[in-house]
1. Number of Lys-Lys pairs in segment 4-84 under 18 Å by Cα, sequence gap 8 or more or different chains?
2. State the extension gain, in nm to one decimal, for the chain segment bounded by Ser266 and Val250, taking 0.36 nm per residue of separation less the distance between their alpha-carbons.
3. Going highest first, how would you order 127-135, 107-115 by mean Cβ packing within 10 Å?
4. Around Asn12, what is the net charge, scoring Lys/Arg as +1 and Asp/Glu as -1 over all other residues with Cβ under 10 Å from its Cβ?
5. Please state, rounded to one decimal and in Å, the Kirkwood hydrodynamic radius that segment 4-84 gives when every pair of distinct Cα atoms enters the mean of 1/r.
6. Below 8 Å, C-alpha to C-alpha, sequence gap of six or more: please give me the relative contact order for segment 4-84 in percent.
7. I want to check the label-to-label distance for Gln58 and Val46. Put each point 7 Å from Cα in the C-beta direction and report it in nm to one decimal.
8. Enumerate the amide H contacts of Trp262 below 5 Å, restricted to partners 5 or more residues apart or on another chain; note that Pro and chain-start residues carry no placed amide H.
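Readers should treat all values here as calculations from the given coordinates under stated rules, not as data from a laboratory. Just so it is clear, the structure is predicted and the values come from calculations on it, not from any experiment. With ideal geometry, Cβ positions are generated from the backbone for all residues, glycine too; neighbour counts draw on all protein chains shown.
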Amino acid sequence: MRHPKFLALSGNAIALWDEGKDYCDEHQTDGIIPGEALKTFRFRGVKSIALLIQSCGQKTDGTPYAPLWTAHAHGYRMHDYLDHNDCREVVLARISDKDWDRARNDFVRRVNRDRALVQLIRRRDGDYCRYCGSEVNWADRRGPQGGTYDHVDPDGPELVTNIVVACRSCNSRKGNRSLAHIKTLGMCLKPAPAGSRRDHDVAGLDRGQKPNPNYTENGQIPNPTTEAATTTETARALKNVSAEASSAPVLVFPTVGTSSTWGLSSTQVAEWQGLFPNIDVLSEMRKAVAWVLANPAKRKTAKGMPRFLVSWLMRVVDTGRRQGFQGSTPAAGKMADWYGHFPHCRNEQECVKRFLAESKAEAV
């Protein structure tokens, strides 16, 4: 405000100029102040406007300074606004880049949380960028060679056929563009590294499915938008990667997070029943389901369900809500301890070790 132009202005005129500058910055009008917007300004007095649109002061060579505002078809224009501020297109592009960076970071976090999906992508692509072919460094969190995951078709589904390994440099360079647009940047999606599983092999992992004929022989990923028929098949394959996919769940627990449910397998029930012989594990698990359904705000993630249920069983033991021991009856006049063993186990850790040893002996 120490510029000679402002020395001849009144306080209200300076405040009006500030209002106009704030309006142009907020609405990205490239220095144009519409007449309708001017009516909403607090210091819109006639004298203040007159001071802004007339020349104020002279340069050292005697020529007058240009007025701070000039008349415009839609109102007024701020003098030399674009000489000191970015134009609308540049500002919007900067905002779009920030939004894309935020969306990319959210996308990478979602992928990293899905371990089955990450396993399939890494089996196919290894540690190599699918755009430049260079080896990525997964420990590098900021450098250009750091390993990331790229959404091939930004508008496509988040499935293994639409996600590839990419270095941070190529990922940033590709941005939110499709495969057709990155050709103008000299980029292309390279085939999966030699020796890695192709997309059709990965999609049928652990399922024994035949390769999908829609995939090309050179390993190129087809456009996901043209493969609606394979989307269901790929999604079904991803759900069966986990180790418990082969056994049907005995009980289904509602969960929070990326997965809405978690299934308790009969194998897990049998294992816990062996570790807690004095408890009806299946009955307690039904109680746990009822508790989870009645307390939706306290539901766990699918990853945290085993720990939650083991803690549930431990609390049952600690509070004495255990069923009668169903194992072999101890000798007359002797009472088995609350772990179901005689002689008594001194602590639970000793009991578990003893149970495992007995199980191995019985198996032999």
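1. Summing the qualifying lysine pairs gives 5.
2. Numbers: separation 16, 0.36 × 16 = 5.76 nm, distance 0.58 nm.
The span from Ser266 to Val250 would gain 5.2 nm if fully extended.
3. Ranking the peptides 127-135, 107-115 by packing returns 127-135, 107-115.
4. +3
5. Here the Kirkwood hydrodynamic radius works out to 12.9 Å.
6. It rounds to 35 percent for segment 4-84.
7. Label at Gln58, label at Val46, 3.0 nm between them.
8. When sequence neighbours closer than 5 places are left aside, the close amide H contacts are Phe253, Thr255.
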